[in-house]
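Asks: Handing you a structure now.
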Amino acid sequence: MVSRVIPVDPFDLVIFGGTGDLARRKILPGLFRRFCAGQMPEEAQIIGAARSEMDDDGYRQLVRDAIEEFGDKPVPEGGALDAFLARLGYVQVDATGTDGWEELSRRITEDRVRAFYFSVGPSLFGDLAERLHQYGMASGQSRIVVEKPFGHDLGTAKALNAVLAQHFDETQIYRIDHYLGKETVQNLMAVRFGNVLFEPLWNALYVDHIQVTVAETVGVGGRGGYYDKSGAMRDMVQNHLMQLLCLIAMEPPAKFEPDSVRDEKLKVIRALEPVEPHHIVRGQYDATEKEPGYREDVEDPKSRTESFLAMKVHISNWRWAGTPFYLRTGKRLRARTSEIAVVFKDAPHSIFGAEAGRHRNVLIIRLQPNEGMTLDVTIKEPGPGGMRLVDVPLDMTFADALGPDADEVPDAYERLIMDVIRGNQTLFMRGDEVEAAWAWTDPIIAGWAARNDVPKTYDAGSAGPEDSLMLMHRDGRKWREIKA
Ligand SMILES: NC(=O)c1ccc[n+]([C@@H]2O[C@H](COP(=O)([O-])OP(=O)(O)OC[C@H]3O[C@@H](n4cnc5c(N)ncnc54)[C@H](OP(=O)(O)O)[C@@H]3O)[C@@H](O)[C@H]2O)c1
């Protein structure tokens, strides 16, 4: 299978925070991959912008080092990296001051798409929008890309939306959630809406429940200070898991177009029921002999922030009434894995008798590792000895299906940046979606504070607190195993 590369029009991309962790680890190596794939036109210009003192050559060296360190494969021979670096420049700017802004506006090319990536702390988003306007760079061809976190609660998200809206139209604002850029997440839409097979079964009549798991093996590491103010709810559920939930649960949009898709996602968020306190389990990972526990990591022995969250969620609409969605995410768990499992109901009657056991179809959508999909189907166990049933996976790992081309599938950041240049907002969150998500999460978080809720401790390397297993057991269900 040969993947098609459609070059984009010439563009200017300014990366505010161009010297930071995200730019060096993801954005710049991703852009280099797009360059190697032939998607970036000759005239494209990429400008790093930050306060550090540096000239163009210094920045090119920084980017060369970043690509060599963080690129996923060895740099190709033949001068590709030099050719890419030749498109790069650097301007020293302070988001909160006046330094460098005139120089930046001089470097911007007239009459072409210009994208400004806000890869800086969220407290600077408003300053950047204001300065872009002040120095004449907020024209109709300008787009801004805003990183997470988008607000800390509904109030701050609304305030941020209002600040950005002063200078940019909603069609110019790209709120990034890199989960939406993952190949499998888009495949979820292709599978649902490109096949006749699944959609008739995709409802409360045929689906017993849905599980979404996003598990990490790492702890909070050096991000302890930031993380302890957020926790799993703000850091993962309000954005990434919520977006996955929307794509699983939404009605078919009339078209695969930004507002059609986002309208349907918004309806899902608005249909979420408030969550009962006993349908939520929060946890904090314990110390091991070798590694500190959550509270040591965040240097607060009394911290009540959760590094793990499991919850049962209901969507009040015709399609999903009565079908539970179980969401689970956490740090320092057994394996690094992200998957969605759609567990279908039992066949209404077993012609094979009780001894054939219970068999269910499960559609598993794996986001990582080994992006792909598996459908568990029930077949006869081979061999003599009567009719015994067994579940076998129909497996589609993309790496197998796409062959050597699997390597060329762009990663989430690459795809999303190219979408910004093309002006396609389908995979970006709209302002009202983000606000609706906060409107649902805020009362849950407020409830924990009001009840002085203390997260349960769980063993590092486990599947989370025991109580999270009970959340499913009580309903006669079981989490899928967390495994790589
Ligand atoms: N790192 C990740 O994996 C990740 C993942 C998801 C989201 N994010 C989000 O992405 C954003 C950037 O994160 P990061 O990890 O890259 O942070 P970081 O490593 O701390 O980098 C921050 C960048 O902002 C620049 N900067 C700071 N103050 C500035 C100012 N006043 N004016 C201009 N530039 C300024 C810094 O350079 P100077 O000090 O030279 O100015 C640096 O380039 C944050 O919103 C974060 O939440 C990051």
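Asks: Can we say A437 is surrounded by fewer than 16 Cβ atoms within 10 Å (Cβ to Cβ), modelled with pLDDT of 95 or more and under 20 Å from H152 (Cα atoms)?
Replies: Values: surrounded by fewer than 16 Cβ atoms within 10 Å (Cβ to Cβ): no; modelled with pLDDT of 95 or more: yes; under 20 Å from H152 (Cα atoms): yes.
So A437 fails the test.
Asks: Also, I was wondering about something else. Can you name the residue in the stretch 17-42 that is at negative phi and not in a helix (DSSP H, G or I) and, of all such residues, is nearest to the ligand (Cβ to nearest atom)? Give the steps one after another, and end with the answer.
Replies: Kept after step one, since they are at negative phi, are these residues of the stretch 17-42: 18-37, 39-42.
If we keep only those that are not in a helix (DSSP H, G or I) too, we end up with 18-20, 37, 39-42.
Numbers: G18: 6, T19: 4, G20: 2, A37: 23, Q39: 23, M40: 22, P41: 26, E42: 27 Å.
Top of the filtered list is G20.
Asks: So for the stretch 37-46 (the condition being touching a residue at least 40 places away in the same chain (Cβ under 8 Å), touching an Asp or Glu at 6+ places or on another chain (Cβ under 7 Å) and either of a type in the set (D, E) or surrounded by 14 or more Cβ atoms within 10 Å (Cβ to Cβ) (or both)), does at least one residue qualify?
Replies: yes
Residue-by-condition table, conditions (1) under 21 Å from the mean Cα position of the chain (by Cα); (2) charged (D, E, K, R):
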| site | (1), (2) |
| --- | --- |
| V377 | no, no |
| K380 | no, yes |
| G386 | no, no |
| V390 | no, no |
| A412 | yes, no |
| W448 | no, no |
| D467 | no, yes |
| K483 | yes, yes |
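Asks: Tell me which residues, restricted to the stretch 43-60, are under 13 Å from R24 (Cα atoms) and more than 15 Å from the ligand (Cβ to nearest atom).
Replies: R60
Asks: When you scan the stretch 125-174, how many residues do you find that are within 16 Å of the ligand (Cβ to nearest atom), within 18 Å of S105 (Cβ to Cβ) and among the hydrophobic types (A, V, I, L, M, F, W, C)?
Replies: Adding up the residues that qualify gives 5.
Asks: With the condition being away from the ligand (no atom under 16 Å from the Cβ) and buried (at least 23 other Cβ atoms within 10 Å of the Cβ), I'd like the helices (runs of 4 or more DSSP H) fully within the stretch 209-279 carrying at least 1 qualifying residues. Talk me through it step by step, then tell me what you get.
Replies: Details: elements: 224-228, 242-249, 258-270.
By residue number, 242-249, 258-270.
Asks: Among what's in the stretch 1-36 and is under 18 Å from I108 (Cβ atoms) and among the acidic types (D, E), pick the residue that is surrounded by the fewest Cβ atoms within 10 Å (Cβ to Cβ). Give the derivation first.
Replies: Of the stretch 1-36, the ones under 18 Å from I108 (Cβ atoms) are 8-18, 31.
Then keep just the ones that are among the acidic types (D, E); that gives 9, 12.
Working: D9: 12, D12: 23.
The residue in question is D9.
Asks: With the requirement that a residue be β-branched (V, I, T) and within 12 Å of the ligand (Cβ to nearest atom), what does the stretch 68-122 give you? Lay out the reasoning, then the answer.
Replies: From the stretch 68-122, those β-branched (V, I, T) are 75, 91, 93, 96, 98, 108-109, 113, 120; that's our starting set.
Of everything in the stretch 68-122, those that are β-branched (V, I, T) and within 12 Å of the ligand (Cβ to nearest atom) turn out to be V91, V93, T96, T98, V120.
Asks: Can you list residue pairs whose Cβ atoms sit under 7 Å apart, with the first residue in the stretch 103-123 being part of a strand (DSSP E or B) and the second being away from the ligand (no atom under 13 Å from the Cβ) and among the hydroxyl-bearing types (S, T, Y)? Count only pairs 6 or more apart in sequence or on different chains.
Replies: Filtered contacts from the stretch 103-123: R114/S142; F116/S142.
Asks: Take the residues of the stretch 440-461 that are surrounded by 19 or more Cβ atoms within 10 Å (Cβ to Cβ) and among the hydroxyl-bearing types (S, T, Y): which is nearest to V342 (Cα to Cα)?
Replies: Residue satisfying both the conditions and the ranking: T441.
The values are calculated or read from the model by the stated rules, or taken from the named source; none is laboratory data. Since the structure is predicted, the reported quantities are computational estimates derived from the model, not experimental observations. Cβ atoms come from the backbone with ideal geometry, glycine included; neighbour counts cover every protein chain shown.
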